[in-house]
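Worksheet: one structure, shown below.
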Amino acid sequence: MKKIDARKNALSLRKNLDTAKISKKVLEDIFNSKILDRFENVGIYYPLGNEIDITGLLDLYPNKKFYLPVTKDNIHFVCYDKSTILADGPFKTKEPSGVEVDRDIIECFIIPCVCISKDNKRVGYGKGYYDRYLNGYNGYKIGICYKDSNDLDIDMDTFDVSLNMKFVG
């Protein structure tokens, strides 16, 4: 299947899902896996629309440093905690203000996925921000998506982000 078709189907499927319930399950799965125990600096995302909400990680891991993306011409990450004031970003996202951090300080990125291919590659919204940002990144990459949008037979490109791990809800 073409990426454009996979994206369209996945976005349509998730419109009627219980995002709060699924988000809670994914947070529990991440915590129970203990995968984040080995990282101090974690890049996350603020949920857009009905994306799975992982911001509860701040409560589960109060001693870790978290970073949120800021999108301009490209994406970069800024330190984020519960006291950070967020402003509206260009894609109806919430973004922090602050100093851009060096990508390699962040040991693990938890990335929103519209869908994930059989070979563990991420399909996003089609703008390529994460593909460009994570090109050449050697840290850990975790994808988050809904279960019906996972393990799909999709024609992927070489530049698409390969994930080390995924959590689906």
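In table form, for the structure just shown:
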{"item": "Some residue of the range 73-92 being farther than 20 Å from Gly169 by Cβ, in contact with a Leu (Cβ under 7 Å, 6 or more places away or on another chain), hydroxyl-bearing (Ser, Thr, Tyr) and buried (at least 17 other Cβ atoms within 10 Å of the Cβ)", "result": "yes"}
{"item": "Number of the exception - Asn138 against (1) surrounded by 14 or more Cβ atoms within 10 Å (Cβ to Cβ); (2) free of Cβ contacts under 8 Å to residues at least 40 places away in the same chain; (3) more than 21 Å from Thr55 (Cα to Cα); (4) not hydroxyl-bearing (Ser, Thr, Tyr)", "result": "(1)"}
{"item": "Cβ pairs under 9 Å, 6+ apart, first in the range 39-57 and under 16 Å from Asp102 (Cα atoms), second among the polar types (S, T, N, Q) and part of a loop (DSSP other than H, G, I, E, B)", "result": "Glu40/Asn63; Ile44/Thr55"}
{"item": "Subset tally (residues that are farther than 18 Å from Asn135 by Cα and either at pLDDT 95 or above or not aliphatic (A, V, I, L, M) (or both)) for the range 97-116", "result": "4"}
{"item": "Residues being under 15 Å from Phe109 (Cα atoms) and assigned to a helix (DSSP H, G or I) - total across the range 33-50", "result": "4"}
{"item": "Filter result for Asp73 (out of contact with any His (no Cβ under 9 Å at 6 or more places or on another chain), at pLDDT below 95, of a type outside the set (S, T, N, Q) and assigned to a loop (DSSP other than H, G, I, E, B))", "result": "yes"}
{"item": "Top-ranked residue of the range 28-59 - restricted to ones that are among the aliphatic types (A, V, I, L, M) and over 21 Å from Lys94 (Cα atoms), ranked as surrounded by the fewest Cβ atoms within 10 Å (Cβ to Cβ)", "result": "Ile35"}
{"item": "Index of the failed condition, Ile30 passing every other in (1) within 20 Å of Arg132 (Cα to Cα); (2) in contact with a strand residue (DSSP E or B) (Cβ under 9 Å, 6 or more places away or on another chain); (3) not in a loop (DSSP other than H, G, I, E, B)", "result": "(1)"}
{"item": "Matching residues in the range 73-99 - criterion: being closer than 14 Å to Asn41 by Cβ and not aliphatic (A, V, I, L, M)", "result": "Phe77, Cys79, Tyr80, Asp81"}
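The values are calculated or read from the model by the stated rules, or taken from the named source; none is laboratory data. Just so it is clear, the structure is predicted and the values come from calculations on it, not from any experiment. Every residue, glycine among them, receives a Cβ derived from its backbone with ideal geometry; neighbour counts consider all protein chains shown.
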